[in-house]
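Engineer: Handing you this structure, nothing more for now.
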Amino acid sequence: MNSLSQLTAGLALLAAVTAVAGIQLWASGRARRRRLLQRLAGPEPGAPGSPADLTKQAPHTPRRRFDAVDRRLRKTEAGRRLTLRLRATGLDWTAGEYVAYTLGAVAALWLIGSAVLAPFFGPVFALVGLWGGNAFLAWQRNKRTEQFISQLPELSRLIANGTAAGLALRTALAMAAEEMDDPAGAELATVADQLAVGRSLEDTLGELGERLPSRELNVLVTTLILANRAGGTIVASLRNLTSTLEQRKETRREVRTMLAEINATAVTVPLLGLGALLMINTMAPGALARVTASTAGQIAMVVALSMYAVGFAVVRRFGRIDV
């Protein structure tokens, strides 16, 4: 009965965390859609920003969730680093929201692991939750970087066409920001805004390379910086770079297709271990609790879990090829 109540509480907490995250994503998406429609329609009479309402005060920006936690985190070095990571992922989350969601998921996983398997697995599931939060950010950053890399040939072509038409490099970057979709459009808009307030092209493009690290982007950034410093045939260099980036784009797609089976195996291995634990506990209820009640059983379980983790890391390493 106690296990059933713990399981129910864990599932309820997990459902609440998922619901809060879903509502947050839905609200932010709806707000972005409303702002986009307002920009496309233009200012309405009497609306904020219209000529008839220039003297009225603009509406306040709605407060974000967990704003107090976010303010405290921004005062720390770890909080500032987390904010930069979230900005690189493109997620509309603050550091406080990410920490609150992660801690909620960790608490829910602790309760579920303790109720479904054994109390020993509660901290194990909590550690997996912490790792999963960090892995989620890394996955989102890699996903955004891959999307940006796929747009690099078009970006290079737009900059080459702009400079060939006689535009300055900064103007060509601003034009490309207006023409391209996200994430390239958003990142280039940030670059254009920083250039507009007086930052140097080298520093601005260097920060872009740090936010979205990739070999292709580094080559493009280096080409633009050298052309800005020394001049030369930037149009020919960019057009040659465009064809090279298109070839690398096709090569990366082929490599990802060939490594899909290895990446699937890396996920399947720990899932098989979890399935085996669930099967054992279902066939003999309380078996895992009796095994982990002794020191020898806990050591054996830690060794087994460590081997699964090492296997996951090794398989993932085999499936990581830099192109």
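The values are calculated or read from the model by the stated rules, or taken from the named source; none is laboratory data. Please read all numbers here as calculations on a predicted model, not as lab measurements. We place every Cβ from the backbone using ideal geometry, glycine too, and count neighbours over all the protein chains shown. Accessible surface is based on the protein model in full, side chains and every heavy atom, while ligands, DNA and RNA are left aside. Shrake-Rupley method; radii C 1.70, N 1.55, O 1.52, S 1.80 Å.
Engineer: Which semi-axes, in whole Å and largest first, does the equivalent ellipsoid of the range 165-323 have when worked out from the alpha carbon gyration tensor as the square roots of 5 times its eigenvalues?
Structural biologist: 52, 18, 14
Engineer: Something else now. How high is the relative contact order of the chain, in percent, counting Cα pairs under 8 Å that sit 6 or more residues apart?
Structural biologist: Once divided by the residue count of the chain, the mean separation gives 15 percent.
Engineer: Pick out, from Ala105, Ala160, Trp139, the residue whose Cα sits farthest towards the positive end of the charge dipole of the range 91-207, with +1 on the Cβ of Lys and Arg and -1 on the Cβ of Asp and Glu.
Structural biologist: Most positive-ward Cα: Ala105.
Engineer: Projected onto the charge dipole of the chain (+1 at Lys/Arg Cβ, -1 at Asp/Glu Cβ, origin at the Cα centre), which of Val315, Trp26, Gly122 gives the Cα projection farthest towards the positive end?
Structural biologist: Farthest towards the positive pole: Gly122.
Engineer: Moving on to the next point. So for the range 211-322, averaging the separation of alpha carbon pairs under 8 Å that are six or more residues apart and normalising by length, what relative contact order in percent results?
Structural biologist: Worked out over the range 211-322, it gives 28 percent.
Engineer: R0 = 35 Å: FRET efficiency of Ser243 with Asn134, Cβ-based, nearest 0.05?
Structural biologist: The value I calculate is 0.40.
Engineer: Something else about it: Any idea what the dipole of the chain comes to, in debye rounded to 20, about its Cα centre with Lys/Arg Cβ at +1 and Asp/Glu Cβ at -1?
Structural biologist: Charge dipole, the chain, about its Cα centre: 520 debye, nearest 20.
Engineer: So for the chain, taking the charge dipole from beta-carbon charges (+1 Lys/Arg, -1 Asp/Glu), which of Ala276, Asn218, Ala287 sits furthest toward the positive end?
Structural biologist: Ala287
Engineer: Distances longer than 21 Å among the Cα atoms of the range 100-246: what percent of all pairs is that?
Structural biologist: 52
Engineer: According to a simple spin-label model (label point 7 Å from Cα along Cα-to-Cβ), what is the distance in nm between Arg199 and Val267?
Structural biologist: Result: 3.5 nm between the two label points.
Engineer: Scale the Cα Rg of the range 87-171 by the rule-of-thumb value 2.2 N^0.38 Å and send over the ratio, two decimals.
Structural biologist: With N residues counted in the range 87-171, Rg over 2.2 N^0.38 Å equals 1.79.
Engineer: Let me spell out the model: positive unit charges on the Cβ of Lys and Arg, negative unit charges on the Cβ of Asp and Glu, origin at the Cα centre of the range 67-140. What dipole size does that give, in debye rounded to 20?
Structural biologist: 320
Engineer: A further question on this structure: In whole Å, how far is the Cα centre of the range 119-180 from that of the range 239-273?
Structural biologist: Their Cα centres are 17 Å away from one another.
Engineer: For the chain, take the alpha-carbon Rg, divide it by the Kirkwood Rh, and send me Rg/Rh.
Structural biologist: 1.06
Engineer: Which whole-number value in Å² is the accessible area per residue of the chain, probe 1.4 Å?
Structural biologist: Ligands and nucleic acids excluded, the figure is 60 Å² per residue.
Engineer: Still on this structure, please answer the following. Between 0 and 90 degrees, rounded to the nearest ten: what's the tilt of helix 184-196 against the longest Cα principal axis of the chain?
Structural biologist: 50
Engineer: Using every alpha carbon pair in the range 139-226, what percent of pairs falls into each 10 Å bin from 0 up to the bin containing the largest distance?
Structural biologist: That works out to 18, 57, 24, 1, in percent per bin.
Engineer: Still on this structure, I have one more. With the full set of protein chains in place, find how many percent of the accessible area of the range 52-192 is carbon and sulfur; take the probe as 1.4 Å.
Structural biologist: 60
Engineer: Relative to the longest principal axis of the C-alpha atoms of the chain, give the angle of the C-alpha long axis of helix 260-283, reported between 0 and 90° and rounded to the nearest 10°.
Structural biologist: With rounding to tens, the tilt is 30 degrees.
Engineer: If you don't mind, there's one more thing I want to ask. Does anything in the range 95-120 have its amide N under 12 Å from the 7 Å Cα→Cβ label point of Ser28, and if so which residues?
Structural biologist: Residues passing the 12 Å test: 95-99, 101.
Engineer: Kindly state, to the nearest 0.05, the FRET efficiency for Met283 paired with Arg74, given R0 = 45 Å and r defined as their beta-carbon distance.
Structural biologist: Working from the Cβ atoms, E equals 0.35.
Engineer: Could you tell me which trypsin sites (Lys or Arg not before Pro) in the range 199-302 are loop residues by DSSP with no more than 14 other beta carbons within 10 angstrom of their beta carbon?
Structural biologist: Listed in order of number, the matching sites are Arg199.
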